Amino acid sequence: MSLIRRQLGVWMLSGRMSGRDSPRTASQMKNAAGSGDSDELQKLSNVILPVLILFRIVNALIIRTTFVPDEYWQSVEVAHRWTFGYGALTWEWWNSTAIRSPLHPLMFAGLYKLLAAVGLDSRLAIIYLPRLLHGILAAVADYNLYCMTHLLSGPTTAKLNFLRFNLLTNGANFYGVEPWHWYFTNGLPTMLFSSAAFVVAGFLIDFTGTLTGGGLRFFSSWRPNMVAKEARLHHTLSKFFGLIVAWTVLVYSYLAHKEYRFIFPILPLLHYFAGRGLVCACNALNRRGWKSICCVFSPKTALALFLVLSHVPLAMYTCLVHQRGPTELMGLLGSQGDRNNWPSATPLSYENGKTLGPDEQVRALFLMPCHTTPYISYLHRNISLRLLACDPDLSALTGGDPAAYVDEAEVFYADPLAWLKAKYSESLKLPHFIAMFDQLLLDARYGSGVADFLKTRNYFPCARLFHAHFPTHRRHGKYIHLFCRRGSPFQLN
């Protein structure tokens with residue numbers, strides 16, 4: 001949805017279409033362009049920011065899906081641990097391997113402190129307040145794109161540990177390796193979707209002609225009242241934006257580990273080119289006798305409808321349906337905790353001055369790829385929640401022995417039944433809840449063994465939560481199964 005909004009916004013600010021203005025003198029053109037643009041921008045400014053804030057807030061509140069673990073584990077989970085003293089920190093936040101800046105989670109920690117101080121730190125407030133803050137910040141960023149203002153927040157200094165881990169020791173490769181062309185063949189086409197053709201057109205306008213050729217002719221075509229000096233300035237700026245995009249993609253292509261989010265910062269610039277490509281397409285359709293082909297919509301309206309109809313359904317699907325299992329699972333457990341007032345241990349495992357026994361604290365086990373779900377920040381109760389660990393080999397940073405490195409998640413998936421028997425040989429240690437993807441139960445190698453383990457220990461399926469029609473991870477599935485233990489003091493109701 002943000003793709004459409006940014007593209008159409010840049011398009012609106014790009015000026016009037018060709019053929020509407022009569023020739024003027026240079027002085028008249030400058031005055032008309034200046035006053036007209038100023039008035040138009042002022043009118044848009046009075047409307048766009050409130051609309052963007054409203055849109056972003058609604059977007060933040062309706063999202064029910066997940067994308068990558070860092071959405072939670074590098075932000076709200078860190079803030080929750082710092083504020084309330086319980087939860088978990090991933091290896092990036094350990095003192096020995098710290099590679100993250102604290103500024104981002106500190107924003108949420110401040111909000112959590114304020115909520116706790118006034119007694120409003122409910123589970124839902126802990127979940128949704130950071131979303132609302134991010135929505136407002138995103139709206140401000142969108143607004144600055146509309147105004148074509150380039151704001152710099154100041155220099156950023158990368159930590160030595162970050163460079164050592166990601167570049168010198170190739171530690172990021174632990175999380176996956178892609179071919180050098182991945183951003184060109186997968187990343188950018190997926191992010192841009194149907195607007196990719198307009199982005200390419202926008203690039204070609206400036207990078208296939210001379211300063212007095214294709215690029216300058218384009219600017220004079222979509223804005224006849226633009227003087228040559230302004231056109232040259234816009235043309236130069238476009239080339240500068242293009243070089244930034246090309247440099248960013250090429251540098252990230254050099255790294256073996258690639259992710260969509262790495263190139264998110266260049267999306268506004270790509271939308272700038274998409275907006276110009278849209279204007280070019282409009283001009284082309286007008287010249288080719290659009291009215292004789294379609295008399296219902298103008299070219300501008302037709303292209304706008306094309307973007308909306310191609311992006312909005314997909315945006316709604318990814319926001320509301322695709323990969324919604326993790327938040328559904330945490331929402332189910334969180335609501336049960338609120339409804340039944342599950343005991344919440346303090347960091348020292350005390351509740352009202354009394355030590356919680358093994359049967360008094362809620363225990364849950366998630367047998368999924370590590371960090372699939374949010375953690376304590378989505379429960380806001382200090383229960384015993386165990387996840388499969390998958391910290392990378394940090395021996396290069398800590399001075400440890402690489403031969404002693406063990407990835408618990410890989411050990412588990414190599415033989416799930418052996419892992420379960422080794423970790424939960426005593427009935428006293430058995431968790432009250434066990435969650436897993438259906439892929440674990442359907443696997444021909446060990447699915448029946450895991451099912452027998454659960455059955456013989458009095459577990460029964462108490463919930464099945466939809467996750468995705470098209471799982472994107474080989475260890476994910478279409479559903480998440482939650483198993484409850486018979487006789488447990490903590491049951492779903």
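The values are calculated or read from the model by the stated rules, or taken from the named source; none is laboratory data. Just so it is clear, the model here is predicted, and its values are computed rather than measured. Glycine gets a Cβ as well: all are built from the backbone with ideal geometry, and neighbour counts include every protein chain shown.
Quick notes on this structure:
- Among all residues of region 477-485, there is at least one that is crowded, with 19+ Cβ neighbours inside 10 Å, closer than 16 Å to M368 by Cβ and β-branched (V, I, T).
- Residues located in region 429-446, provided they are surrounded by fewer than 16 Cβ atoms within 10 Å (Cβ to Cβ) and farther than 24 Å from M330 by Cα: A444, R445
- For region 375-384, a tally of residues being farther than 19 Å from H432 by Cβ and either out of contact with any helix residue (DSSP H, G or I) (no Cβ under 7 Å at 6 or more places or on another chain) or assigned to a loop (DSSP other than H, G, I, E, B) (or both) returns 0.
- All positions within region 432-456 that are of a type outside the set (A, V, I, L, M, F, W, C) and in contact with a Phe, Trp or Tyr (Cβ under 8 Å, 6 or more places away or on another chain): H432, D438
- Output for region 266-299, where each listed residue is modelled with pLDDT under 80, in a helix (DSSP H, G or I) and of a type in the set (D, E, K, R): R287, K291
- Number of positions in region 88-130 that are among the hydrophobic types (A, V, I, L, M, F, W, C) and assigned to a loop (DSSP other than H, G, I, E, B): 7
- Selection over region 52-87 of residues that are assigned to a loop (DSSP other than H, G, I, E, B) and in contact with a Leu (Cβ under 8 Å, 6 or more places away or on another chain) gives a count of 3.
- In summary, I244 fulfils each of the numbered conditions (1) farther than 30 Å from E92 by Cβ; (2) among the β-branched types (V, I, T); (3) at pLDDT 90 or above with the single exception of condition (1).
- Subset of region 233-277 [β-branched (V, I, T) and either crowded, with 19+ Cβ neighbours inside 10 Å or under 18 Å from N144 (Cβ atoms) (or both)]: I244, V245, I263, I266
- Region 385-406: number of residues that are touching a Leu at 6+ places or on another chain (Cβ under 9 Å), at pLDDT below 90 and part of a loop (DSSP other than H, G, I, E, B): 2
- Cβ pairs under 6 Å, 6+ apart, first in region 431-444 and in a loop (DSSP other than H, G, I, E, B), second not aromatic (F, W, Y): P431/R363; P431/A364; P431/L365; H432/V362; H432/R363; H432/R485; H432/S488
- Verdict on F55 being closer than 28 Å to T318 by Cα and either surrounded by 14 or more Cβ atoms within 10 Å (Cβ to Cβ) or of a type in the set (K, R) (or both): yes
- Output for region 65-77, where each listed residue is of a type in the set (V, I, T) and closer than 13 Å to H380 by Cα: V76
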